[in-house]
Amino acid sequence: MANLQVTLAGLHLDNPVMLASGILDSTPGILRRMSKMKVGALITKSISIKPRPGYPGPTAVETTPGTWINAMGLPNPGLNEFVDEFSLTNGSVTIIPNLVADTPDEFAKLADAVAVAGAKIAEINLSCPHPKASYKGRLAAQDPRAAAEVVEAASTKLPIIAKLTPNVTDIGEIAVACARAGASAISAINTLAAIDIDPELERPILGNGYGGLSGAGIRPIGLRKVLDIVQALTAANLDTPVIGMGGICDADDVVRYILCGAHLVQVGTTLAGNPEQLSNITEGLADWMDRKGYQNLEDFRGRVLEWF
Amino acid sequence: MANLQVTLAGLHLDNPVMLASGILDSTPGILRRMSKMKVGALITKSISIKPRPGYPGPTAVETTPGTWINAMGLPNPGLNEFVDEFSLTNGSVTIIPNLVADTPDEFAKLADAVAVAGAKIAEINLSCPHPKASYKGRLAAQDPRAAAEVVEAASTKLPIIAKLTPNVTDIGEIAVACARAGASAISAINTLAAIDIDPELERPILGNGYGGLSGAGIRPIGLRKVLDIVQALTAANLDTPVIGMGGICDADDVVRYILCGAHLVQVGTTLAGNPEQLSNITEGLADWMDRKGYQNLEDFRGRVLEWF
Amino acid sequence: MRYPTFFEIVEITSTTSVGHSLWLKPNRAWPTQPVPGQFAMVWLPRPPKGYDLSVCSAIPMSIAGWDDGNVRITVKDLGLTSKALLACSPGDELGLIGPLGVGFSLDCKQPLLMGGGVGAPPLLYLAQMFAAKGIEPITLLGGASVSEIFHPHEFPGTVDIATDDGSAGHCGRVTELLEKYVPSRLYTCGPEPMLVSGLNWAVANSVPAELCLERYMACGVGLCGVCSLDEQLVCQDGPVFSSDDLINSAEFGRIAREAGGSVHVVQP
Amino acid sequence: MRYPTFFEIVEITSTTSVGHSLWLKPNRAWPTQPVPGQFAMVWLPRPPKGYDLSVCSAIPMSIAGWDDGNVRITVKDLGLTSKALLACSPGDELGLIGPLGVGFSLDCKQPLLMGGGVGAPPLLYLAQMFAAKGIEPITLLGGASVSEIFHPHEFPGTVDIATDDGSAGHCGRVTELLEKYVPSRLYTCGPEPMLVSGLNWAVANSVPAELCLERYMACGVGLCGVCSLDEQLVCQDGPVFSSDDLINSAEFGRIAREAGGSVHVVQP
Ligand SMILES: Cc1cc2nc3c(=O)[nH]c(=O)nc-3n(C[C@H](O)[C@H](O)[C@H](O)COP(=O)(O)OP(=O)(O)OC[C@H]3O[C@@H](n4cnc5c(N)ncnc54)[C@H](O)[C@@H]3O)c2cc1C
Ligand SMILES: Cc1cc2nc3c(=O)[nH]c(=O)nc-3n(C[C@H](O)[C@H](O)[C@H](O)COP(=O)(O)OP(=O)(O)OC[C@H]3O[C@@H](n4cnc5c(N)ncnc54)[C@H](O)[C@@H]3O)c2cc1C
Ligand SMILES: Cc1cc2nc3c(=O)[nH]c(=O)nc-3n(C[C@H](O)[C@H](O)[C@H](O)COP(=O)(O)O)c2cc1C
Ligand SMILES: Cc1cc2nc3c(=O)[nH]c(=O)nc-3n(C[C@H](O)[C@H](O)[C@H](O)COP(=O)(O)O)c2cc1C
Ligand code: FES
Ligand code: FES
C-alpha cells in the first residue's frame, strides 16, 4: 500500500492533499465536515484583523464548465471572532489559518495571534487579485521585496507558507525572494486576474466587477507556474517545498502537479457542489501509486523536470 | 441595418472581426477560404526571416472542452517564399502579415519586405510564450523598453500592430510603451504560458513541453488584459486602438471585448474544426446591434469602462 | 453551468405586506422546472433610481411559482436589496442564478403545509404542484394579523389560518393548529422559531417533516461554506432538510451567521 | 475533446516491405469505431533506444483495422518517426489523437477498391467493413514487384494484382486493371499519381470516386491550415475526398507542402 505521508515545516501530514483557502472553510461546521475527508490539512478562509462582510453579489459564476470567476471580497469574521470560534488545536486534521493584511506589521500581528491560538503553521495570502476598483497599486506578491518583507515579519511568529499570485512576469523570482526571507513553503497559484461581462446588460457580471479565475480551465497555467517556481528554487539552491494548486479536479491532476515537483497540493473550485470529491482525489492518488508500484511520493516527485 | 465598418491605421475594414495569427492562415489556399467569410481582415501565421519547420508534435491538444494548449513552434516557409507565394495586394479582404524575429533589426527587415510586397499594415508578434526549453530570457513583450525598440524599428516601414503577451505583471505599461514608440494599434492577448503533463507516461503532453493556452477558458483573462490596456492608454492620453482577443467563441464574446473598449477583435482557437464559425460571429454581431438599435460600433464601445 | 440568466419583470402582483410577487420572464429558458423549496440568487444589475448598486447584493429568494418558464418570486421588505427589488417596475431586469439547492419531496399522500410570513410563497408553489398531481393539500398559514397572511385564496385545497391578534382564523400561533391534523408528512417554511415548534410536534407525533431553512448565503452555489448549518450546506444540501437532518443539530434554532460569517443568536 | 489516448502495442504482424502492422490497445477506449479512411496523429512518448525524441514527431497514420477497440496501423519506413515506430516492440506505448477526419462512405453496392503501397492498409479495413455488411468488394492492388503487394490474402472478396515487373498478376500499372470493371464507386488510396489516373478514369467513365489523400499535417485537428489542398483542409474536410471535390483542383497531383508550409512539386 502506498504511503502518502509528507511533512511540512516539521508537521506530519497523512497525505499531501489539502483544502484550498476560501473554499468550504469559512465556518467551524463546514471545516468539521471537511476534516472527515481523506485530507492532509485544511486551510481556512483568509482572516483579516477587522471583520470583512465581503463584496456585493453575484460573487461566483461559472464562465465555462468547471471554470469559475469569483470575487467574494475576502469575507471573514475578523481575527478576534475567528480565534474565539475556530479551534486550531484539537481537531483530527491540521487546520492552517490563511492570513491577509495590507502591511508587514498587520501580518505579524495576525501571525502572532494564530500562533498563540495554537496554529503550528500559517499560510499568508500575498496575492488577492481582485482589489476594489479604486485600488491601483501592485500587490505584495507582485514585487519580490514587498513579498519578502511580509514573509520576514510573519515568520518570526510561526512557520509561514507564502501563497503567490500567478499575475506576474516572473513567479520564480518572487518565490526565491520569499524562500530567502524565511518562508517554510511556497504555495501557488491563487486565481488569475479576470473579468466577465454580460453582453445583454452591458455591465460586469460580478458585483465587484473585477474577479479571479479558478477551476479546471486554469490547470495548465498552474502547472507552468509551479514548474517555474520549482526550477527557480532549485537554481537558487533552495529546497523550500512547493504546494501546487489551480484547477485540480481529480487524482490525475494531483499527479501532474507532483510530477512537476510539488510536495503537496491544494484543491478548491472543483469541490463546488461536490465536497466529497476531496476524498476521492486522495484515494485516487493512492490507487495510482499502487498501480504504478510507487511506495512514497518521492518516488515520482519532480519526475517530469528532466523534460524542461 | 448596423454598420460594422471600422478603420485601422487609415485602412477601411468592413467589420471588426479578424482572423487571429496562426489559425487557418498558413497557406494561400486556406487564406482564400477564410477571405470568403464575413471578416474584416486576415492575419497570417507569424513569418520569420528563415524558414521554420515548427516543433515536433503533438503540437495542439484540448485540455478542457474548447480550451487548448499548443506549441506549433511558429512553422512558416520563411520571408522569401512567403512574399513569393502569398499575394498581399489583390485579395478581396485585407491580409495582414504577422512578423516574428529576435532583434529590432530583423523586425525592420521583415517589415520592409512585406511593405514592398504591398502590405498596408503588419502585426508584430512580441509575445511568443513557448520558446525552446533552453531559452531563459524574457520576451520582448515582457519588457517595456525592449518592446518599444522593436516597435520603433518596424514602424519606420509601415503601420504596426504590436501584439502583446498576457504573461506580465502590468500589460498596461507595455501597451503604453508600444503606443508611444509609434504602434498604430495594440493587439492582445497572445496565449498564456502553460504546460500539460500526462500522468500515465509521466512526461509532457506537447512535443515541445512548453506551450500556450488559448480558447474558451481564457476569455475572462483576455477581457481583463484588454481592460487594463484600454485604461492605461486612456490614462496616458493615447488614443491608440486596441484589438482584443482570447477565447472568442461567438458574437456575445465579441460584444464583451468591444464593451471593454476594443476597436477590433481577433478569433482563433474556436475555429478548430469549424472555420465557418467566423462568419457566424460577424453576422451575430450585426444581429445583436440591430436588436439593440446600435448603428455603429462607437455606440457601445467601451460602455462597461464606467463600472471599473 | 452556474451562469446568470437575466429575467424581465413582466408583472407585479399581490402587493401585500408579506411581500410583493414579481413574475419574471427569462431571456434564456431554465433547462428544467424548479422544485418547490429550491431558490435562486437574485440581483439587480441596474437598481431603480435612488437605489445604490454598491450596497445591493445577490440574495437568495425561494421560487414561489412557475408558469411555463416564467418564475415567480415574492419579496419582503427586509433590507437594502429587498427594498430595491420592491421599487422595481415591469420592464426592469433582474439577474438570477438557479434553480439552486434541494427542494421538497412530492411523494406524499396527505401533505400538511405550514407557513409563516414569507415562508408561505414557496409553500404556495408546493401546494399548486400537489394539486396538479391530484393530491389535495391542507395548508396552515400564520401571521401577526390578517394583513400578514399571504393570499389564502390562491392556495388549492383546505386553508386553515391563525393570527396573533385573532383578526382571522384561530387566535394564536399557527403551530397550535397542528394538533388538528394527522398528515403523512409536514412541510414547513417560515421563521425559525416556528420551524422549531413544527419539528418538535412532528417528532412527538412521529410525523416525518421537511423544513425549508434560511441562512446567510454569500455564493449560493456550494463554494464558500458560509451558509453551513452544523456540517451541512444550506445552499446545497438544503434549503429543505428532513426532521432527521435537524433533530440533533447544535445550530438549528440557536445560532445563525451574518455576512463574513459572524455568529448571532436566533431569537426564540 | 481532442486529447491523446495512449495505446500499448500488443502485437506486430505482417512485417512486409510495404509496412509493419502494429495492433494497439488503448488505455482509455475511443468513444466510437473509426470509419475506414479516418486517421490518427501517432507519436512515441518514449522512443525505443537509439531513436532521438527531439526529431520524432506526431505523424498521421490511417486506421488499418479495428478489433473490438484495438486499433491497427501499418507503418512504412519513410523517415525519422516512422523508423522509430518500426523499431518498437510489443509493450511499448504510443500516443494517438483520433479518430480524425472524414472517412469513406459505406453505402455502395459494387465497390471497387484500388490501392498502392501503404495506400492498401486503409482499403483492407474498408474491404473488411464491406464484407461485414455482406457486400463483396473487388480490390486492385499494385506495386513494383510481388514483395510490395500488401497482404492480398487478408482481403475479403476478389483481389486483382498488378506489378511493374510482372512478378505477380498483371504486368504493368494497377490503374490498367480498372477498365475490366464497372463498379458503382471507386475507392482509392496510394501514391498521388495513381490517384490522378484513378480520378481521370472515374470521370471518363462516369463512376463516382472517393480518394484518400496525404498532405503534411502539423496539427491534424483543423487549427493550423498547413494541410490545405486548395481551400480544403485534408485533416478535416478529408483525407477522403470525392471526385467532385478534386476535379477542378489546382493543387491535386501538382503541388504539396512540407513542414513549415514550403511548396514542392508532386512527381508525376
Ligand atoms: C433559501 C432562502 C430563501 C429565501 N426566500 C425568500 C423569499 O422568497 N422572499 C423573501 O423576501 N426573502 C427570502 N429569503 C430571505 C432573503 O434572502 C433576505 O431577506 C434578503 O437576503 C435580505 O437582503 P437585504 O439586502 O434586503 O437585507 P440586508 O439589509 O442586507 O439584511 C437584512 C437581513 O437579511 C438577511 N440577509 C441579507 N443578505 C442575505 C443573504 N445574502 N443571504 C441570506 N440572508 C441574507 C440577513 O439576516 C440580514 O440581517 C430567503 C432566504 C434564504 C436563505
Ligand atoms: C491522412 C494520412 C494518412 C497516412 N497513413 C499512413 C499509413 O497508414 N502508413 C504510413 O506508413 N504512412 C501514412 N501516411 C504518411 C505518413 O504520415 C508519413 O510517412 C510520415 O509522416 C513520415 O514521417 P517520418 O518522420 O517518418 O518522415 P520524415 O523524415 O519526417 O519525412 C519523410 C516524408 O514524410 C512526410 N511527412 C513527414 N511528416 C509528416 C506529417 N506530419 N504529416 C504528413 N506527412 C509527413 C513528408 O512528405 C516527408 O517528406 C499518412 C499520411 C496522411 C496525411
Ligand atoms: C470562491 C473562492 C474563494 C477564494 N478565497 C480565497 C481566500 O480567501 N484566500 C486565498 O488565499 N485564496 C482564495 N481563493 C483561491 C484558492 O485558494 C486557489 O488558490 C485558487 O482558486 C486556485 O485553485 P482551484 O482552481 O483549485 O480553485 C479562493 C478561490 C475561490 C474559487
Ligand atoms: C495553434 C495556434 C497557433 C498560433 N500561432 C500564432 C502565431 O504564429 N503568431 C501569433 O502572434 N499568435 C499565434 N497564436 C495566438 C493566437 O493568435 C491568439 O493570440 C491566441 O490563440 C488567443 O486567441 P484565441 O483564444 O481566440 O485562440 C496561435 C494560437 C494557436 C491556438
Ligand atoms: S452560500 Fe456559499 S456555500 Fe452556501
Ligand atoms: S494539419 Fe493543421 S489544419 Fe490540418
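The values are calculated or read from the model by the stated rules, or taken from the named source; none is laboratory data. All of these numbers come straight from a predicted model, not from anything done at the bench. Positions of Cβ are backbone-derived with ideal geometry, glycine not excepted, and every protein chain shown enters the neighbour counts.
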I'd like to check something: does the range A:247-257 contain any residue that is more than 16 Å from ligand 5 (Cβ to nearest atom), within 10 Å of another protein chain (Cβ to nearest Cβ) and under 19 Å from A:ALA141 (Cα atoms)?
no
Is the range D:218-228 home to any residue that is of a type outside the set (Phe, Trp, Tyr), within 12 Å of another protein chain (Cβ to nearest Cβ), away from ligand 4 (no atom under 16 Å from the Cβ) and within 24 Å of B:PHE82 (Cβ to Cβ)?
no
Return the total of residues in the range A:184-229 being in a loop (DSSP other than H, G, I, E, B), touching an Asp or Glu at 6+ places or on another chain (Cβ under 9 Å) and either over 16 Å from B:ARG219 (Cβ atoms) or more than 13 Å from chain B (Cβ to nearest Cβ) (or both).
2
Select, from C:ALA202, C:ALA218, the only residue that is in contact with a helix residue (DSSP H, G or I) (Cβ under 6 Å, 6 or more places away or on another chain), at pLDDT 95 or above, surrounded by 23 or more Cβ atoms within 10 Å (Cβ to Cβ) and assigned by TED's automatic domain parsing to the domain that holds C:ALA127.
C:ALA202
In the set C:SER62, C:SER57, which member is within 18 Å of the chain's Cα centre (by Cα), crowded, with 18+ Cβ neighbours inside 10 Å and either more than 14 Å from chain A (Cβ to nearest Cβ) or more than 16 Å from ligand 6 (Cβ to nearest atom) (or both)?
C:SER62
Filter the range A:1-60 for residues that are among the basic types (Lys, Arg) and within 14 Å of ligand 3 (Cβ to nearest atom) and give the result.
A:LYS45, A:ARG52
Before we move on, is B:PRO159 surrounded by fewer than 24 Cβ atoms within 10 Å (Cβ to Cβ) and of a type outside the set (Phe, Trp, Tyr)?
yes
Can we say D:ALA168 is modelled with pLDDT under 95, touching a strand residue (DSSP E or B) at 6+ places or on another chain (Cβ under 7 Å) and away from ligand 6 (no atom under 16 Å from the Cβ)?
yes
Out of the range B:158-201, which residues are within 27 Å of B:ALA111 (Cβ to Cβ) and charged (D, E, K, R)?
B:LYS163, B:ASP170, B:GLU173, B:ARG180
Hey, A:VAL100 touching a Cys at 6+ places or on another chain (Cβ under 9 Å) and not hydroxyl-bearing (Ser, Thr, Tyr) or not
yes
Can you confirm whether the range A:22-40 contains a residue that is of a type in the set (Ser, Thr, Tyr), at the interface with another protein chain (Cβ under 10 Å from one of its Cβ atoms) and assigned to a loop (DSSP other than H, G, I, E, B)?
yes
Can you tell me how many residues in the range B:32-72 are closer than 23 Å to D:VAL263 by Cα, within 11 Å of ligand 4 (Cβ to nearest atom) and of a type in the set (Val, Ile, Thr)?
4
Restricting attention to the range A:232-276, and to residues there that are among the hydrophobic types (A, V, I, L, M, F, W, C) and assigned to a loop (DSSP other than H, G, I, E, B), which single residue is nearest to the chain's Cα centre (by Cα)?
A:MET245
Here the qualifying pairs (Cβ atoms under 6 Å; residues six or more apart or on different chains; first in the range C:216-239 and more than 16 Å from C:GLY260 (Cβ to Cβ); second basic (Lys, Arg) and more than 11 Å from ligand 1 (Cβ to nearest atom)) come out as C:VAL221/C:ARG2; C:GLU231/A:ARG32; C:GLU231/A:ARG33
Considering the range C:207-232 alone, what residues qualify as being of a type outside the set (A, V, I, L, M), within 16 Å of ligand 3 (Cβ to nearest atom) and in a loop (DSSP other than H, G, I, E, B)?
C:TYR216, C:CYS219, C:GLY220, C:GLY222, C:CYS224, C:GLY225, C:CYS227
Under 9 Å by Cβ, and 6 or more places apart or on different chains, what pairs join a residue from the range B:48-64 that is more than 7 Å from every other protein chain (Cβ to nearest Cβ) with one that is among the polar types (S, T, N, Q)?
B:SER48/B:ASN76; B:ILE49/B:ASN80; B:TYR55/B:ASN208; B:TYR55/D:SER57
Which pairs do you get when a residue that is of a type outside the set (A, V, I, L, M), found in the range B:196-222, comes within reach of a residue that is within 16 Å of ligand 5 (Cβ to nearest atom), reach meaning Cβ atoms under 6 angstrom, with the pair 6+ apart or on two chains?
B:PRO220/A:ILE69
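Limited to the range C:185-206, what total is found for residues that are touching a residue at least 40 places away in the same chain (Cβ under 8 Å) and either within 30 Å of A:THR269 (Cβ to Cβ) or assigned to a loop (DSSP other than H, G, I, E, B) (or both)? Reasoning before the result, please.
Going through the range C:185-206, the residues touching a residue at least 40 places away in the same chain (Cβ under 8 Å) turn out to be C:185-196, C:198-199, C:202-203.
From the residues that got through so far, the ones that are either within 30 Å of A:THR269 (Cβ to Cβ) or assigned to a loop (DSSP other than H, G, I, E, B) (or both) too are C:190-191.
Residues that pass the stated criteria total 2.
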Which residue pairs have Cβ atoms closer than 9 Å, lie 6 or more positions apart in sequence or on different chains, and pair a first residue in the range D:136-148 that is in contact (Cβ under 8 Å) with a residue 24 or more places away in the chain with a second residue that is acidic (Asp, Glu) and part of a strand (DSSP E or B)?
D:ILE138/D:ASP160; D:THR139/D:ASP160; D:LEU140/D:ASP160; D:LEU141/D:ASP160
Over the range C:90-104, the set of residues away from every other protein chain (no Cβ under 12 Å) and more than 17 Å from A:LEU201 (Cα to Cα) is C:PRO99, C:GLY103, C:PHE104
